[in-house]
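Worksheet for the structure shown next.
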Amino acid sequence: MANTQEILNLLQTYSSDSYHIQDSIPNRKLNNIYKNFPIDRAEIILATVDGTVFGSHKNGLVFGEQGIYANNDFTGGSFSGFMSYSDFSQVQLRLEGHSIFFGDHGFQFCFAGSMMKDDKLMPLLTDLQKLLGKNDQPTQASQTHFGCPGCGAPNQRNQCEYCGGKL
């Protein structure tokens, strides 16, 4: 498995108007990431893909030290979640319209509002999988977590145990 610096080095080889690396992430986008994504402030953010038309970064992808975080609003199918790099290295990426699905677990990113489109995003993701040592062997324990679209509570069930919202 690649270390954080190797992941960052790879992420730095890509660019787009909606793509930011570490210190180039504007503070207002960082604030929206922490408000809208299931990410702890202790997590080191390596890079982000803003999935919004107006650049608020309320939706998008975040590449952290521990894994990948995604947040979509209703336009791309409500979803908020985390996938460890270990799990990410094992999934099949599937492009459907303006969404990329990470395996068959519901983890997805809708890039319809992003300036970073699939022609740059898919190579970045597949290169990251190669760096992480993608193979076809399943992992033992999943570290993919889904947040309730109603209250944001992390959950891996079909119904939120906190607010009763359907996941």
Problem set entry | Meets criteria (surrounded by fewer than 19 Cβ atoms within 10 Å (Cβ to Cβ) and free of Cβ contacts under 8 Å to residues at least 24 places away in the same chain) for Arg28 | no
Problem set entry | Residue among Asp104, Asp87 that alone is over 16 Å from Leu11 (Cα atoms), within 13 Å of the chain's Cα centre (by Cα) and at pLDDT 75 or above | Asp87
Exercise. Of all residues in the stretch 1-13 being modelled with pLDDT of 95 or more and outside any helix (DSSP H, G or I), which is surrounded by the fewest Cβ atoms within 10 Å (Cβ to Cβ)?
Worked result: Thr13
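When you go through Leu121, Leu95 one by one, which is the residue that is modelled with pLDDT of 85 or more, closer than 17 Å to Leu10 by Cα and either out of contact with any helix residue (DSSP H, G or I) (no Cβ under 7 Å at 6 or more places or on another chain) or assigned to a strand (DSSP E or B) (or both)?
Leu121
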Problem set entry | Hits in the stretch 97-128 - residues which are on the phi < 0 side of the Ramachandran plot, touching a strand residue (DSSP E or B) at 6+ places or on another chain (Cβ under 9 Å) and of a type outside the set (A, V, I, L, M, F, W, C) | His98, Ser99, Asp104, His105, Gln108, Gly113, Ser114, Asp118, Lys120, Thr126
Exercise. Considering only residues of the stretch 32-72 that are basic (Lys, Arg) and either assigned to a loop (DSSP other than H, G, I, E, B) or under 20 Å from Leu11 (Cβ atoms) (or both), which is modelled with the lowest pLDDT?
Worked result: Lys58
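The values are calculated or read from the model by the stated rules, or taken from the named source; none is laboratory data. Model, not experiment: these values are computed from the prediction. Here the Cβ is made from the backbone with ideal geometry for all residues, glycine too, and neighbour counts use every protein chain on show.
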